[in-house]
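Since the structure comes first, as structure tokens, the remarks are kept for the end.
The values are calculated or read from the model by the stated rules, or taken from the named source; none is laboratory data. What you see is a predicted model; the values in this text were computed from it and never measured. Cβ placement follows ideal geometry from the backbone for every residue including glycine, while neighbour counts extend to all protein chains displayed. Please note that ligands, DNA and RNA were not included when accessible areas were found on the heavy atoms of the full protein model with its side chains. Shrake-Rupley method; radii C 1.70, N 1.55, O 1.52, S 1.80 Å.
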Amino acid sequence: MRKRLPRVLVIDDEPDLRELVELTLIKMGLEVTTAGCVADAKQSLAEHDFDLALTDMRLSDGEGLEVVRHIVDAGLDVPVAVITAYGSAENAVAAMKAGAFDYLAKPVGLANLRSLVRSALSLGDPVAAAASSDGLIGEAPAMQEVKALIAKIAKSQAAITIEGESGTGKERAARLIHSESARAAGPFVPVNCGAIPDTLVEAEFFGYKKGAFTGADADRDGFFQAADGGTLFLDEVGDLPLAMQVKLLRAIQEKKVRRLGNHGEEPVDVRIVCASHKKLNELVDAGAFRQDLYYRLNVISLKMPPLRELREDVPRLIGHLLERFAAGGERPRLSPAAVQALLAYHYPGNVRELENIVERAVALSGGALIEPIDLQLATSSADPDVAPALASGEALQDYLDRVEREAIVRALEATRFNRTQAAKNLGVSFRSLRYRLERLGIK
């Protein structure tokens, strides 16, 4: 019997957008049913089994949240995403609290739509879900810059250095570079350079012959041989001892390695992607990193933005993490107070810390609702640029805009309106600051 194609329900009262989404999904090999209002959507859900639902937030006879709640209340196993007005964090939070797993901002980008659909349809497949988790989630300007640069540099064979604070997703970026490169079918070998004892680092990198040293009872490949034909990712490369840096430089230049205990060299074909939470140029200046190796590794530089520069993506990230850590069970919801606490937190550990917070909260909540006590946030790490509470009757988006505006104005005043320096002090790119100035109407 022919396997049924995944079926998607598209709900939108704008015929042109509904048709555009429908055609896009059909080209992806999916079956599509459309509805123009809440009533038609509920009728379709009663008549057919769906693998995914996409609904606009505003419909002619109600809101998309009604569809989300209907799916949740009816116990339907249908992941649902909503389409919201651009930049509406309030609607995004409300959608995820109601049970949506993600959202798309208008105008709908077809690349983002396809990515969301692929992610949603793999939720029931642990292997596919694990693979999709290696992607980079987010639509903030800083993350868009990263994705655009990765799309360009992935096709080359040049060495890449990824810099960024701990927890910003440097390895995920490296995996994405590998998956979009011509080496995607080859191995991706991640190495934590700081976790290898100095006495073993050469053997681990280049392998050894049987009898090369005490305990070497068989031939063994090193990281270079394991990554042959693929990508070798050197995390925290700045922690390598200077003696090993010399040998690494030679291996990269000659494209050959010599196993310990072996007289001859063997060719290897690897692309080097490295990462460091330290600034390698500063290590060079301090004499802790070889300048020639730095230039060899830093042909292309990629900087991962900290989570504080991606604040508008926090609701989206939380939604993905809640879905992941629910592990196929009932997805917990966040109380309004928990939402506010997560949006006000500074995240010194960046995305990795957010993952830990959400995973812990899901485990501690013991039910369907996550409260602030389940988050166990350190009060000392509240963002100093975020107000502690919403004003009475203030909408969440207005609150976020007010906090962001106050922080930017303070930074501009402190630098005598030097936008370049203000962006640096705020920890955002100049382009990201310019985007925020335009959005918030700051002259």
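So here's what we get for this one:
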| quantity | calculated |
| --- | --- |
| For Thr34, distant residues with modelled amide H under 5 Å away | Val10 |
| Computed lengthening from Ile26 to Lys209, 0.36 nm per intervening residue step minus Cα-Cα distance | 60.4 nm |
| Anchor Lys155: aspartates and glutamates whose Cα lies under 15 Å away (excluding residues fewer than 8 positions away in-chain) | Glu180 |
| Computed [θ] at 222 nm, helices only, for the chain once each DSSP H run of length n ≥ 4 contributes -39500 (n - 2.57) | -13000 deg cm²/dmol |
| Spatially proximal lysines relative to Lys106 (Cα-Cα < 23 Å; intrachain offsets below 8 disregarded) | Lys27, Lys97, Lys147 |
| Net lengthening on full extension, Asp198/Arg220 (0.36 nm per residue, minus Cα-Cα) | 6.1 nm |
| Separation of the His263 and Leu110 label points, Cα + 7 Å toward Cβ, nm | 6.2 |
| Candidates Asn281, Asn418, Asn356, ranked by Gaussian network fluctuation over the chain, Cα under 10 Å, top entry | Asn418 |
| Cα-based helix-to-principal-axis angle, 64-73 vs the chain, degrees rounded to 10 | 80 |
| Cα gyration tensor shape of segment 10-52, rounded if a/c is under 1.5, else prolate or oblate by comparing a/b with b/c | oblate |
| Given the chain, longest segment not containing exposed loop chymotrypsin sites (Phe, Trp or Tyr not before Pro) (DSSP; at most 15 other Cβ within 10 Å) | 214-416 |
| Debye intensity ratio in log₁₀ form over the Cα atoms of the chain, taken at each q of 0.10 Å⁻¹ | -0.83 |
| Rounded to 10°, Cα long-axis angle of helix 38-47 versus longest principal axis of the chain | 70 |
| Förster radius 22 Å - calculated FRET efficiency between Ile373 and Glu330 (Cβ-Cβ, nearest 0.05) | 0.65 |
| Over 17 Å [Cα-Cα, segment 241-362], rounded percent | 69 |
| Heavy-atom accessible area per residue - segment 234-325, 1.4 Å, Å² | 46 |
| Spin-label proximity, Asp13 to segment 51-79 - amide N less than 18 Å from point 7 Å beyond Cα toward beta carbon | 54-70 |
| Portion, in percent, of the accessible area of the chain that falls on carbon or sulfur, probe 1.4 Å | 51 |
| Across Lys256/Lys279; Lys152/Lys303; Lys255/Lys303, pairs whose alpha-carbon gap is larger than 23 Å | Lys256/Lys279; Lys255/Lys303 |
| Rounded tilt (10° steps) of 89-98 against the dominant C-alpha axis of the chain | 80 |
| Of Gly138, Gly222, Gly167, the one that fluctuates the most in a GNM where the chain has Cα springs shorter than 10 Å | Gly222 |
| Most mobile of Gln245, Gln340, Gln253 in a GNM of the chain (Cα contacts under 10 Å) | Gln253 |
